[in-house]
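Notes follow the structure.
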Protein chains: 2
Amino acid sequence: MTALLATFDPRYDLKLEREIDVPVDLVWRAWTTPAHLRQWFVPKPWTIADCEIDLRPGGIFRTVMRSPEGEEHDNSGCFLDVVHHERLVFTDTLLPGFRPSAKPFFTGALLLAPLGSGTRYTAFAIHGDAETRDSHEKMGFHDGWGTVATQMVDYIKSGAL
Amino acid sequence: MTALLATFDPRYDLKLEREIDVPVDLVWRAWTTPAHLRQWFVPKPWTIADCEIDLRPGGIFRTVMRSPEGEEHDNSGCFLDVVHHERLVFTDTLLPGFRPSAKPFFTGALLLAPLGSGTRYTAFAIHGDAETRDSHEKMGFHDGWGTVATQMVDYIKSGAL
């Protein structure tokens, strides 16, 4: 059943839009395969120490980010909407099986569309209010999501996928 | 794409199980049609003053409960998983379009299965921790959800659907 598309509201949400010169199918694979996602999903020199993906609504989406000093941040949530090669919606407000989480923060939406031989790449961070949006922006949303998008493109171009 | 089924954990969750002598298709219709849902979804003499249903993941599920004195409670959320005649999962932790809500409390799951000419009717309330479970229980989960299940069966038997 087709989900209601997550929509962008500039009062509450943040957006990264890029035209990238790697094809949709490789972007999809980079985002949905733990071994690949670990190579680019956090700005270096941080690393992804662990990643779990169960690619269906209610299925786990978990990444553990590790600082160069070894400090770890566990980000656990689940997928909400999965349309092959087209969109991926996930949230940290619900754990696997749609169980409410202790630290609800945002819903993420990745939208992909073919653009010649490349991809129009759009990522939303959807929040419950303007304060959370502003706090996510101050945490470095644009730099962070921009940097990892660049890292992803470089990784795909390295031919590792 | 088939969702990961919401599962019941007795430490965190509450459950109502009934065998009822009305068929699955009418239970489904009673739950998914605003005009019908308004007739039974809150214990009388409370009433449902308004109801909105957009029956797809991310689609609105909103009910407004009104006390005999006219006090209103707005419960807004969205559906997460919709399998015709089989299951309905919804939450108040996310608003329509999967936007995080200001008052996350629980995820609800309704599971239906044919049982002769009747229905095995199972409803879960899924919480993030034991404290929320206990508070929902003290709010009268079992009485409340039991009473409305009885009201629903009576309404279906009245022939109004």
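Values in this text are rule-based calculations from the coordinates and carry no lab data. This structure is a prediction, so every number in the text was calculated from the model and none was measured. With ideal geometry, Cβ positions are generated from the backbone for all residues, glycine too; neighbour counts draw on all protein chains shown.
Odds and ends about this structure:
- Each principal axis of the Cα cloud of the protein assembly as shown was taken in turn, and the coordinate range along them, longest first, works out to 67, 34, 34 Å.
- Within chain B, longest stretch clear of exposed GluC sites (Glu not before Pro) (DSSP loop, no more than 11 other Cβ within 10 Å): B:72-161
- Debye intensity ratio in log₁₀ form over the Cα atoms of region B:1-85, taken at each q of 0.11, 0.23 Å⁻¹: -0.39, -1.28
- Karplus 3J(HN,Hα) series, Hz, for region B:83-93 with 6.51 cos²θ - 1.76 cosθ + 1.60 (x for Gly, Pro): 10, 2, 6, 10, 7, 9, 10, 9, 8, 9, 7
- Lys/Arg +1, Asp/Glu -1 at C-beta; chain B dipole; positive extreme among B:A123, B:G58, B:V24: B:V24
- Placing +1 on the Cβ of every Lys and Arg and -1 on the Cβ of every Asp and Glu, with nothing else charged, gives region B:17-157 a dipole about its Cα centre of roughly 280 debye.
- Cross-link pairs A:K44/B:K103; B:K44/B:K138; B:K103/B:K157; A:K103/B:K44 - those with Cα-Cα distance over 26 Å: A:K44/B:K103; B:K103/B:K157; A:K103/B:K44
- Cα pair distances exceeding 25 angstrom across region B:1-147, given as percent: 25
- If R0 is 51 Å, the Cβ-Cβ spacing of A:K157 and B:K157 corresponds to a FRET efficiency of close to 0.20.
- For the residues B:A123, B:A113, B:A102, a GNM of chain B with alpha-carbon springs under 10 Å puts the largest fluctuation on B:A102.
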